[in-house]
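Since the structure comes first, as structure tokens, the remarks are kept for the end.
The values are calculated or read from the model by the stated rules, or taken from the named source; none is laboratory data. Quantities reported herein were computed from a predicted structural model and do not represent experimental measurements. For neighbour counting, all protein chains shown are included, and Cβ atoms are generated from backbone atoms with ideal geometry for every residue, glycine included.
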Amino acid sequence: MATIGHTGFRFDVTRRALGFNLPQRIGRRLWLPMLVMALMAFPAGVILAAIRANEIATGGSADTIAALGHFVPAVNFLGFASVFAAISFAIATILGEFRSGGGKVQEAAGRNVETLRMPGTAKLFLGFMAMGMMILLGAVALHVVAGTAIAGGSSYALGKTEQWAIWLEGIRRFGIATYLLGIAFGLSTIITVLRFQVVRIRELPEEVRIAG
Amino acid sequence: MQDLLEVRPAPGTDYRARSRFRTVGLTLGFVGVALAMATLINGIAAGVLAGRSGEEVTVGRLAAWSFGLATTAFGTIKFGIAVILVGILAQLWIRVEAVKWSLPALRRAAGAGETIVPGTVETPYGRATVSISAPRPLLIHRMARALWAPMLAMGAMAVLAGFILSLVQTSNVGADDALATSQEAWVAGLQFLGEGFLLSGVSFLLGTILGSLRKGGGEVQESLGVGVRTLDMPLTAKLFVGLMALGLMVEVFQFVAYAVVATFDDAGTIASSFAWLGPVREAGLGVLLSGIVLALATIGKALGFQFSRIVEIVSTGS
């Protein structure tokens, strides 16, 4: 396998088509479980919110209302973390189809298989996705800790609940923004891959003609 | 006009050129993250002040504009994602032209000129229809092509209008709290309706990409004179349409509900309404995002089918 860099792209040259790489194989396996988890989390969040709204309307205990005030965003943002993961994994699967399919076409044409090396945007996609997920899951974990402490009767936690909620809200928002930026990088990688494949497929007829 | 909404570049477009859509989209993404960073810093400051007595008005003001700015940040990144999707759409049509240009020289001559038998065939990717000419666009593809731009425009306007209203609300916190609370309801309803429109625009763009894959794949096969194989709509595509419609309905519902809450006077009723409406509006976005996952999965499947068909044409000639 050689690595070459003409036409502005860095790519590997092999005799046979390469399959999905590791992140793409993970993506193909995990997009559906992540989607299912998200689809369970959002209704659960709405149900908890309805219980909390009922507690507020009927003058329920401050502890219960405050604890639910942490559990509701914890469940909802577990849902967002899951659905963004599902989107990221689905994008990785698309990139895998391009990598695998593009190689098979070149192999079928009897030519060397040129496969684009992972572009910088793909690395940023993985980096921002991991960062966004960690931020969101960190916020979810802290919400659960706060909610559990309040539900367990901690007056200190109850006194600090507003402050914690404000901080965690800011962290959640930043986590969402980071995740979305990761998705933008993933999609922009598809543009790069498409450009590479267009250049490559236009080279093939000339190579076939020369090879006879 | 059709080519404009399909983002189909004119024949002869430089296929080596870098995509401007990609640059613009990523720039918008970074702007959105910078705005979110500002709301994070604001949140840290508000949290510190929340621990002190006598700072309730300041905390209320910080929370008011912070909400508006955070939702605007998300909207900006989503708009950037939509711009990148437009770039993908343009690049897909350049790919169609490239495959049309190259395949005649790559296919084996043996299979050329074989009789085409219209009907259906089973493939590893599901059932496909065989026809002589490229299939006509489905209703959902025509809808997607017509609606992605208006949805994005309406979404951007609603999110921005909500942000401006959040600034007005900020000035009313502590001065006229009843009015500020009413405006808070309008801001949340308007901005999440806008987010719903933006995600619907993204969904329609994905639908347009699926339509382009179908149409472009058909055009390539028809130009070669081989049987046009078109993948039947997979289950994921049908579920995508359903989830998108459901998510948009939830966002319209929450907007109407917030508009009603904005007329309430009783603080307890307002607080309990806000308590359930917040997660409902977020669940609506979650459903829209779930639809987007299924659309992306369908694109992956359609691409796999297309590559297998190209390999088949190259290998057998038909």
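If I ask for residues that are closer than 15 Å to A:PHE77 by Cα and touching a Ser or Thr at 6+ places or on another chain (Cβ under 8 Å), which ones from the range A:147-178 would you list?
Across the range A:147-178, the qualifying residues are A:GLY170, A:ARG173, A:PHE174.
Considering only residues of the range B:164-201 that are out of contact with any Phe, Trp or Tyr (no Cβ under 8 Å at 6 or more places or on another chain) and closer than 17 Å to B:VAL83 by Cβ, which is surrounded by the most Cβ atoms within 10 Å (Cβ to Cβ)?
Selected residue: B:LEU199.
From the list B:ALA158, B:ALA180, B:ALA134, pick out the single residue that is touching a helix residue (DSSP H, G or I) at 6+ places or on another chain (Cβ under 6 Å), at pLDDT below 95 and not polar (S, T, N, Q).
B:ALA134
Here are A:ALA62, A:ALA49, A:ALA57, A:ALA38: which of them is over 30 Å from the mean Cα position of the chain (by Cα), within 7 Å of chain B (Cβ to nearest Cβ) and among the aliphatic types (A, V, I, L, M)? Break it down into steps so the answer makes sense when it comes.
Details: A:ALA62 fails: within 7 Å of chain B (Cβ to nearest Cβ); A:ALA49 fails: over 30 Å from the mean Cα position of the chain (by Cα); A:ALA38 fails: over 30 Å from the mean Cα position of the chain (by Cα).
Being over 30 Å from the mean Cα position of the chain (by Cα), within 7 Å of chain B (Cβ to nearest Cβ) and among the aliphatic types (A, V, I, L, M) holds for just one of A:ALA62, A:ALA49, A:ALA57, A:ALA38, which is A:ALA57.
Let's see how each residue does on (1) modelled with pLDDT under 95; (2) surrounded by 15 or more Cβ atoms within 10 Å (Cβ to Cβ); (3) of a type in the set (Ser, Thr, Tyr):
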| residue | (1), (2), (3) |
| --- | --- |
| A:MET1 | yes, no, no |
| A:THR7 | yes, no, yes |
| A:ASP12 | yes, yes, no |
| A:ARG29 | no, no, no |
| A:ALA41 | no, yes, no |
| A:ALA66 | no, yes, no |
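Could we say that A:ILE191 is modelled with pLDDT of 95 or more, of a type in the set (A, V, I, L, M) and out of contact with any Asp or Glu (no Cβ under 9 Å at 6 or more places or on another chain) here?
yes
Of all residues in the range B:83-130, count the ones that are farther than 20 Å from A:LEU194 by Cβ, within 10 Å of chain A (Cβ to nearest Cβ) and within 36 Å of the chain's Cα centre (by Cα).
Qualifying residue count for the region: 1.
Residue-by-condition table, conditions (1) closer than 30 Å to B:VAL117 by Cβ; (2) acidic (Asp, Glu):
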residue	(1), (2)
B:VAL187	no, no
B:GLY216	yes, no
B:ASP232	yes, yes
B:VAL256	no, no
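Which one of A:ALA165, A:ALA149, A:ALA184, A:ALA177 is assigned to a helix (DSSP H, G or I), over 27 Å from the mean Cα position of the chain (by Cα) and either among the basic types (Lys, Arg) or closer than 26 Å to B:LEU40 by Cβ (or both)?
A:ALA149
Which of (1) buried (at least 16 other Cβ atoms within 10 Å of the Cβ); (2) within 31 Å of the chain's Cα centre (by Cα); (3) part of a helix (DSSP H, G or I) is the odd one out, the single condition B:PRO137 does not satisfy?
For B:PRO137, the failing item is (3).
For A:GLU162, indicate whether it is within 9 Å of chain B (Cβ to nearest Cβ), within 30 Å of B:LEU89 (Cα to Cα) and modelled with pLDDT under 95.
On the way: within 9 Å of chain B (Cβ to nearest Cβ): yes; within 30 Å of B:LEU89 (Cα to Cα): no; modelled with pLDDT under 95: yes.
For A:GLU162, the condition - within 9 Å of chain B (Cβ to nearest Cβ), within 30 Å of B:LEU89 (Cα to Cα) and modelled with pLDDT under 95 - is not met.
Return the residues of the range A:73-108 that are within 8 Å of another protein chain (Cβ to nearest Cβ), more than 18 Å from the chain's Cα centre (by Cα) and within 24 Å of B:ILE209 (Cα to Cα); say none if nothing qualifies.
Correct list: A:PHE98, A:SER100, A:GLY101, A:GLY102, A:LYS104, A:VAL105.
Taking the range B:17-35, which residues are part of a helix (DSSP H, G or I) and free of Cβ contacts under 8 Å to residues at least 40 places away in the same chain?
Selection gives B:THR23, B:PHE30, B:ALA34.
Here are some conditions: (1) touching a residue at least 12 places away in the same chain (Cβ under 8 Å); (2) of a type in the set (Gly, Ala, Ser); (3) not in a loop (DSSP other than H, G, I, E, B). B:GLY174 meets all but one. Which one does it not meet?
(3) is the only condition that B:GLY174 fails.
Mind checking whether some residue in the range A:159-172 is closer than 21 Å to A:ASP12 by Cβ, surrounded by 23 or more Cβ atoms within 10 Å (Cβ to Cβ) and among the β-branched types (Val, Ile, Thr)?
no
Given the structure, is A:ARG111 within 13 Å of chain B (Cβ to nearest Cβ) and in contact with an Asp or Glu (Cβ under 9 Å, 6 or more places away or on another chain)? Don't jump to the end; show me each part of the working.
On the way: within 13 Å of chain B (Cβ to nearest Cβ): yes; in contact with an Asp or Glu (Cβ under 9 Å, 6 or more places away or on another chain): yes.
Against the criterion (within 13 Å of chain B (Cβ to nearest Cβ) and in contact with an Asp or Glu (Cβ under 9 Å, 6 or more places away or on another chain)), A:ARG111 qualifies.
Working carefully through the options A:VAL75, A:VAL105, A:VAL83, A:VAL46, find the one that is among the hydrophobic types (A, V, I, L, M, F, W, C), closer than 24 Å to B:ARG16 by Cα and not in a loop (DSSP other than H, G, I, E, B).
Within the list A:VAL75, A:VAL105, A:VAL83, A:VAL46, the selection yields A:VAL105.
Quick one: which residue in A:ALA92, A:ALA67, A:ALA41, A:ALA53 is of a type in the set (A, V, I, L, M, F, W, C) and farther than 27 Å from B:LEU199 by Cβ?
Criteria check complete, one pass: A:ALA67.
So which residues in the range B:274-299 are facing chain A (nearest Cβ under 7 Å) and farther than 20 Å from A:ALA74 by Cβ, if there are any at all?
B:ILE292, B:VAL293, B:LEU296, B:ALA297, B:ILE299, listed by residue number.
Within the range A:117-132, identify whether any single residue is surrounded by fewer than 24 Cβ atoms within 10 Å (Cβ to Cβ), touching an Asp or Glu at 6+ places or on another chain (Cβ under 9 Å) and among the β-branched types (Val, Ile, Thr), and answer yes or no.
Scanning the range A:117-132, I find no residue that is surrounded by fewer than 24 Cβ atoms within 10 Å (Cβ to Cβ), touching an Asp or Glu at 6+ places or on another chain (Cβ under 9 Å) and among the β-branched types (Val, Ile, Thr), so the answer is no.
Among the candidates B:VAL220, B:VAL252, B:VAL226, single out the residue that is more than 12 Å from chain A (Cβ to nearest Cβ) and assigned to a helix (DSSP H, G or I). Break it down stepwise before answering.
Working: B:VAL220 fails: more than 12 Å from chain A (Cβ to nearest Cβ); B:VAL226 fails: assigned to a helix (DSSP H, G or I).
Matching residue, one of B:VAL220, B:VAL252, B:VAL226: B:VAL252.
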